[in-house]
Amino acid sequence: MQMPPDKETYDQTVWLIVWQIPYGHVFTYGQIAAMIPAPEGVELPSYERIAPRWVGYAMNRAMSSGLNVPQKPGDPHIPWQRVINSRGGISLAEGSYPATQQRVLLEGEGVSFNAQNLVDFNQYGWDGPDDDWLTEHGFFKPHSMKKQPPDDHPSQLSLF
């Protein structure tokens, strides 16, 4: 299955979530996909596999439709630049204008990249909207991309 059964509704759902990502933070395609219930008629295993790609398609359609930049001051726009891949990188073709634009926009929000051109999720990752917002919109809580700090008090003693 290449596209969601109702592409326009799926796009609007993705964009609603993207509008929630705070300035100076990032969220992944997979985190967005995990928040959205499988559309009717789509089996969960198939959906879990293809949904991040569907989110990417929705973001691409936002960029190509002109919804990625305000047309006049105060216009809502989709902050597409805040959506990155699960490695912490930009998924657009390296060196392309859109990839450069995404990086410039993120850096303009204070997001920095390391030497491997990746974002530190512990510093810039967003863990998603609050529980009330999720419940109101019928979404699931996304998984966090932040790495847990090492346990200072392991439950089992180490011999080394």
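The values are calculated or read from the model by the stated rules, or taken from the named source; none is laboratory data. Note that the coordinates shown come from a computational prediction; the quantities given were computed from them, not determined experimentally. We place every Cβ from the backbone using ideal geometry, glycine too, and count neighbours over all the protein chains shown.
When the residues of the range 112-128 are narrowed to those that are in contact (Cβ under 8 Å) with a residue 60 or more places away in the chain and assigned to a loop (DSSP other than H, G, I, E, B), which ends up farthest from VAL26 (Cα to Cα)?
So in the range 112-128, the residues in contact (Cβ under 8 Å) with a residue 60 or more places away in the chain come out as 119, 121, 124-126, 128.
Those left that are additionally assigned to a loop (DSSP other than H, G, I, E, B): 126, 128.
Details: TRP126: 6, GLY128: 10 Å.
That would be GLY128.
For every residue, the table says whether it meets (1) within 15 Å of the chain's Cα centre (by Cα); (2) modelled with pLDDT of 95 or more; (3) of a type in the set (Phe, Trp, Tyr).
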| position | (1), (2), (3) |
| --- | --- |
| PRO98 | no, no, no |
| PHE113 | no, yes, yes |
| PHE121 | yes, yes, yes |
| TRP133 | no, yes, yes |
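In the range 14-56, the residue that is farthest from PRO98 (Cα to Cα) out of those that are among the aromatic types (Phe, Trp, Tyr) and surrounded by 14 or more Cβ atoms within 10 Å (Cβ to Cβ) is TYR47. Pairing residues of the range 17-29 that are more than 21 Å from PHE113 (Cα to Cα) and among the β-branched types (Val, Ile, Thr) with residues that are at pLDDT 95 or above and not in a loop (DSSP other than H, G, I, E, B), at Cβ distances under 9 Å and at least 6 apart in sequence or on separate chains, gives ILE17/PHE27; ILE17/GLN31; ILE17/ILE32; ILE17/MET35; ILE17/VAL55; ILE17/HIS137. Scanning the range 9-31 for residues that are touching a Phe, Trp or Tyr at 6+ places or on another chain (Cβ under 7 Å) and among the hydroxyl-bearing types (Ser, Thr, Tyr) gives a single hit, TYR10.
Say whether the condition of being among the β-branched types (Val, Ile, Thr), surrounded by 18 or more Cβ atoms within 10 Å (Cβ to Cβ), within 16 Å of the chain's Cα centre (by Cα) and modelled with pLDDT of 95 or more is met by at least one residue in the range 63-80. Quick ask: steps written out before the conclusion?
So the first thing to find is which residues in the range 63-80 are among the β-branched types (Val, Ile, Thr), and the list is 69, 78.
After this cut, where a residue has to be surrounded by 18 or more Cβ atoms within 10 Å (Cβ to Cβ) as well, the list is 78.
Checking the rest, the ones that are also within 16 Å of the chain's Cα centre (by Cα) come to 78.
Next cut, modelled with pLDDT of 95 or more only: none.
No, the conditions are met nowhere in the range 63-80.
GLY108 - would you say it is of a type outside the set (A, V, I, L, M, F, W, C), farther than 22 Å from TRP54 by Cα and modelled with pLDDT of 90 or more? When the stated conditions are applied, GLY108 passes them. Looking only at the range 98-121, which residues are under 14 Å from ARG87 (Cα atoms) and surrounded by 12 or more Cβ atoms within 10 Å (Cβ to Cβ)? Correct list: PHE113, ASN117, LEU118, VAL119, ASP120, PHE121. Taken over the range 75-111, residues that are touching a residue at least 60 places away in the same chain (Cβ under 8 Å), farther than 14 Å from PRO22 by Cα and basic (Lys, Arg) amount to 0.
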